[in-house]
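Below: the structure, in structure tokens.
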Amino acid sequence: MATSALPEEVMALFKRTVPSGLRFGTVTVYLDGEAVEVTTFRREGRYGPDRRPQEVRLGVTLEEDLSRRDFTVNALAYDPVKNSWIDCYGVKHRLAAKYLEIKAVGSAKERFEEDPLRMLRAFYLMARAGAAGARFAWDEDTFAAISSCRDKIKGVSGERIREELNKILLGPNPAACLAKMEEAGLLEIILPELTANKGVDQGNRFHRLDVLEHILATVQLVEPRLALRWAALLHDIGKYRCRIEVGDRFLFYGHAPVSAEMASAVLGRLKFGKELQNQILNLIAHHMFDYPQTEAGIRRLLRRVGPENIDDLLELRRADILASGPNATTRAVENLRRQIREVQNKKPGLTLKDLAVNGFDVMEHLKIKPGPRVGQALNYLLERVLDEPSLNERQALLAELDRWALSQGVVSGPVGTSSSR
């Protein structure tokens, strides 16, 4: 809410208020348990390094207040008392026709110098228009200002950049938004590892696009879940480092681990939380998995990737294949998806906690102390269960444990002792 009333007048009008931002003319009013931010019409001076105005002047007109906004679509006000709109920039009739012009208020260069993150928000507006099924167009001066001011995004924190990119990636048109960012030169500043793949020819019958085009196509095709969209965006960024020419085609041996290593640096720079970061890196590292030929191979794939990640991995592989060209087929992925379901329905042991014995059982049975041998023994048993799920019962595993101990030269002693030949 915006008002001509000064903060002290707002606080005098309501029973419960909090002076949440008096420096900026903002008071939080509590009505029926809900918090409403009420800000006095204001003008702002130069912005400081913290992206906040160093000087704020209250008591101005609504039109002056609207003139400090970022984009014209955000400089539209509604008066609920008069039931009328205040539309200084001719936005309303365009919105009514489902048309959005992405245009800065006043001087675009000044708006982006005040807060460079606004450049990314311009592309979020593009994503929002796509979500609304609206037509949109870029104001030429606004787009040109993004290009000329793009280096200033370096002064914005990784967290703020990440949040805007998240919103763009989860929109309905991420490929178009990212391509437009690349055209403006902004993507190269934010994700140079990605744009390094522009023009990198993949040179074989399976790929009609260069690496960057293929990556953007994959992002567009994959389901809009955050980990998946980020995995798609970064899954092939290491290709430009791995390309070798073999005869009349190019190959990219080992690009998955290289891409995962580079992606780790990107995600760290953007301050991703550990859990989401690990999920994304897991998908990238394994996106070139070989198709298992046996049930044991499927169980090992589930063990390696994690049962909780297998659906996302298959979805990434599906989108990756479809982004390769018009004749691509995902039949093999769908067959594997069906086979995985059949294996999962049998509830096989895939992790150490699924085993019918635990570390205490190993120590008691072999009469050994805690140490690396216990973990080695459990991992051996898990490998046997991955090969033969029927072994996952206590007596069978203890018999396997005896065979392992004999092969490793582990000699059982009195309880709590052990030795190795």
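Taken together, the values in this text are just the output of simple stated rules run on the coordinates, not laboratory data. These numbers come from a predicted model, not from an experiment. Glycine also receives a Cβ, built like all others from the backbone with ideal geometry; neighbour counts cover every protein chain displayed.
For every other residue with a beta carbon closer than 13 angstrom to the beta carbon of Leu228, add +1 if it is Lys or Arg and -1 if Asp or Glu, then tell me the sum. Spelling it out: positives minus negatives among the neighbours equals -1. Each Lys or Arg adds one and each Asp or Glu subtracts one; over the other residues with Cβ under 13 Å from the Cβ of Lys167, this totals +3. Over the residues of the chain, the helix contribution to mean residue ellipticity at 222 nm works out to -14500 deg cm²/dmol, using -39500 (n - 2.57) for each DSSP H run of at least 4. Annotation: lysines with alpha-carbon distance below 19 angstrom to Lys92 (same-chain offsets under eight excluded): Lys82, Lys103. Across the stretch 276-415, Cα-Cα distances exceeding 27 Å account for 36% of all pairs. Computed extension length for Ala134-Leu58: 23.8 nm, one decimal, from 0.36 nm per residue of separation with the Cα-Cα distance subtracted. Working note: Karplus 6.51/-1.76/1.60 with θ = phi - 60° gives the stretch 362-375 the couplings 4, 5, 5, 5, 8, 6, 10, 7, x, x, x, 4, 5, x Hz, where Gly and Pro are set to x.
3J(HN,Hα) couplings calculated from phi for the stretch 304-310 with the Karplus curve 6.51 cos²θ - 1.76 cosθ + 1.60 (θ = phi - 60°) are, in sequence order, 5, 8, x, x, 6, 10, 5 Hz; Gly and Pro show x.
Extent of the chain along its three principal axes (Cα atoms, max minus min coordinate, largest first): 87, 64, 36 Å.
The angle separating the long axis of helix 255-269 from the principal Cα axis of greatest extent in the chain is about 40 degrees. Here is the tail figure for the stretch 352-420: Cα pairs spaced more than 16 Å apart come to 38 percent of all pairs.
Look at where the Cα atoms of the stretch 61-101 and of the stretch 213-258 average out, and the two centres are 42 Å apart. Computed from point charges on the beta carbon alone (+1 for Lys and Arg, -1 for Asp and Glu), the dipole magnitude for the stretch 199-348 about its Cα centre is near 420 Debye. Projecting the Cα atoms of Ser147, Thr40, Tyr124 onto the charge dipole of the stretch 19-158 (Cβ charges, centred on the Cα centre) puts Ser147 farthest toward the positive pole. Shape class for the stretch 199-348: oblate, because the ratio a/c of the largest to smallest gyration tensor axis (alpha-carbon atoms, square roots of eigenvalues) is 1.5 or more and b/c is at least a/b.
DSSP assigns beta bridges within the chain; of those with both partners inside it, close to 80 percent run antiparallel. Computed from Cα atoms, the angle from the helix 140-149 axis to the main principal axis of the chain rounds to 60 degrees. Close amide-amide hydrogen proximity is noted between Ser67 and no other residue 5 or more places distant or on a separate chain, at a cut-off under 5 Å (H modeled in the peptide plane; Pro and chain starts excluded). Only aspartates and glutamates eight or more places from Lys274 in sequence, or on another chain, were considered; those with a Cα closer than 17 Å are Glu159, Glu163, Glu261, Glu308. Under a 5 Å amide H cut-off, with hydrogens placed 1.01 Å from N, Phe136 pairs with Leu100 among residues at least 5 apart or on other chains.
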